[in-house]
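Reviewing the structure listed below.
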Amino acid sequence: MEPRPALPHDGLMHDNAAPPWFHPAFRLITGGREWSWADIMARAATLPSGALCAHGHDLVHLAASLVGAWRQAVPLALLRGGLPPPDLGDVRGRVLLLETSGTTGTPKRIIRPFDAILGGIDIPRGGNAARWLLAYDACGFAGLQVLLTAMAGGGTLLAAPDTEAAALVRLAAQEQATHISATPSFWRLLLLSSTTPPLARITLGGEAVDQPLLDALAARFPGVPIRCIYASTELGRLFSVADGREGFPASWLSNSPGGYSFRIENDTLHVLWDGRWQDTGDLVEVSGDRVLFRGRNDMVVNVGGSKVNPVLAERRILRLPAVIDALVYGIPNPITGAILAADIVAPTWTGTDTWRVLVAQAVADLPTPARPRRLRLLETLPLSAGGKKRALAEEA
């Protein structure tokens, strides 16, 4: 195999040398064509000098821009459409400008050192044989991690930007994906599929993971390692859990393995970052020897003056045997201001109303405002570009 190019002693790239982290075995399969390491390098050679911008619709350009920005030691802005292109005149050095998704608030732009992003890459053993499915927006933090992992490990990246999740599930089977990093919502959709890709590693992130899903994946893919990654655009990758249980060990609150310190304050997880305690916005609770995620604090709904966490009902519905996926969220109500609604994917329930009784029983122990009042059965839940489930547009 061709050796990796060496980095000159001054730390800068010269002529048309490739970055030291870019493996020559890398392949990108997208748009019905395969692109090689040499193709990416050739595209990088045509980029203008100075700060660069790229988006995830053209993955060849994005990969080339990563190479070009590294070689020139200039900023690269990754655009997702939530914010206007930035003015890069005052930004210097080898940095990446990332946009948050805006799923739980107004999108914002984060500046991260390129080296720090690369430092979080975990290349699996035999990485150049891995066939990665890109199930995230390539310009988001999670998607960028997948892209860089494939580029640095010499694997093959299977991608179809702007394609709905169901089509990506089919692509995974057709192209024999061995490594998939995706949200729990994506994995639930894959479990609905009758085809099974030859997976060697399963990674979940982007949403809270529940035990029934972990158990279902372990049953469908026996012996395949399953990892849950906790990360954010703002803080990067903080830790991963691979013991097959939801949440993370409560002992990590006093002694975490990743070098970060955590604590719980006002029911939210805080992390010590750059000498300050940062509120992650993730609601958590200690249950026995685990810390369990309970959604986001900005997803709490005010129902008639009561603050309600929709995840409480969602978790109970997900535990029902026939349920593949569910989303509980708030909708406007003229009397209480808002009520909870539940969209549920349970194919065997179609054609009968007895499922409503099962849902009512599942949430009966919750306070009245925390019980969903409007219930709908859907074939699938809509997913955002980042793979997170979202509510179907409200009917008039």
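Quick one: would you say residue 311 is in contact with a strand residue (DSSP E or B) (Cβ under 9 Å, 6 or more places away or on another chain) and of a type in the set (Val, Ile, Thr)?
yes
Which of (1) within 20 Å of residue 181 (Cβ to Cβ); (2) aromatic (Phe, Trp, Tyr); (3) not assigned by TED's automatic domain parsing to the domain that holds residue 142 does residue 239 not meet, given it meets every other one?
Status for residue 239: all satisfied but (3).
In the stretch 137-155, how many are of a type outside the set (A, V, I, L, M, F, W, C) and out of contact with any helix residue (DSSP H, G or I) (no Cβ under 7 Å at 6 or more places or on another chain)?
4
Among 49, 36, which is touching a helix residue (DSSP H, G or I) at 6+ places or on another chain (Cβ under 7 Å) and surrounded by fewer than 19 Cβ atoms within 10 Å (Cβ to Cβ)?
So the residue among 49, 36 that is touching a helix residue (DSSP H, G or I) at 6+ places or on another chain (Cβ under 7 Å) and surrounded by fewer than 19 Cβ atoms within 10 Å (Cβ to Cβ) is 49.
Counting only residues that are within 26 Å of the chain's Cα centre (by Cα) and part of a helix (DSSP H, G or I), how many does the stretch 33-62 have?
The number of residues fulfilling the criteria is 6.
Please list, ordered by residue number, the strands (runs of 3 or more DSSP E) wholly in the stretch 316-396 having 3 or more residues that are of a type in the set (Val, Ile, Thr).
Per the criteria, 337-345.
With the structure loaded, tell me whether residue 325 is out of contact with any His (no Cβ under 9 Å at 6 or more places or on another chain), surrounded by fewer than 13 Cβ atoms within 10 Å (Cβ to Cβ) and of a type in the set (Asp, Glu) or whether it fails that test.
Criteria not met by residue 325.
Looking only at residues that are modelled with pLDDT of 95 or more and of a type outside the set (Val, Ile, Thr) in the stretch 198-212, which one is nearest to residue 282 (Cα to Cα)?
Checking each candidate, the answer is 204.
Against the definition (of a type outside the set (Gly, Ala, Ser), closer than 30 Å to residue 116 by Cβ, at pLDDT 95 or above and within 23 Å of the chain's Cα centre (by Cα)), how does residue 291 come out, yes or no?
yes
Residue check: is residue 351 at positive phi and in contact with a strand residue (DSSP E or B) (Cβ under 8 Å, 6 or more places away or on another chain)?
Here the answer is no, as residue 351 does not meet what is asked.
Going by the conditions given, is residue 83 within 25 Å of residue 280 (Cα to Cα) and touching a Phe, Trp or Tyr at 6+ places or on another chain (Cβ under 7 Å)?
Here the answer is no, as residue 83 does not meet what is asked.
Please determine whether any residue of the stretch 281-301 is more than 30 Å from residue 254 (Cβ to Cβ) and in a strand (DSSP E or B).
Yes, that holds for at least one residue.
Which condition does residue 195 not pass, out of (1) β-branched (Val, Ile, Thr); (2) more than 15 Å from the chain's Cα centre (by Cα); (3) within 23 Å of residue 57 (Cα to Cα), if it passes all the others?
Answer for residue 195: the failing condition is (3).
Keeping to the stretch 40-90, report how many residues are touching a residue at least 40 places away in the same chain (Cβ under 8 Å) and at positive phi.
So the count comes out to 1.
Six or more apart or on different chains, Cβ under 7 Å: which pairs go from a residue in the stretch 133-148 that's without any contact (Cβ under 8 Å) to a residue 40 or more places away in the chain to one that's surrounded by 24 or more Cβ atoms within 10 Å (Cβ to Cβ) and among the acidic types (Asp, Glu)? Could you list them?
Every condition considered, no pair remains.
Listed residues 248, 262, 221, 239; which is touching a Pro at 6+ places or on another chain (Cβ under 8 Å) and surrounded by 13 or more Cβ atoms within 10 Å (Cβ to Cβ)?
239
Filter the stretch 297-321 for residues that are of a type in the set (Lys, Arg) and either more than 21 Å from the chain's Cα centre (by Cα) or not assigned by TED's automatic domain parsing to the domain that holds residue 362 (or both) and give the result.
307, 316, 319
The values are calculated or read from the model by the stated rules, or taken from the named source; none is laboratory data. Computed from a prediction, not measured in an experiment: that's the story for all the values here. All Cβ positions, glycine included, derive from the backbone under ideal geometry; neighbour counts span all protein chains shown.
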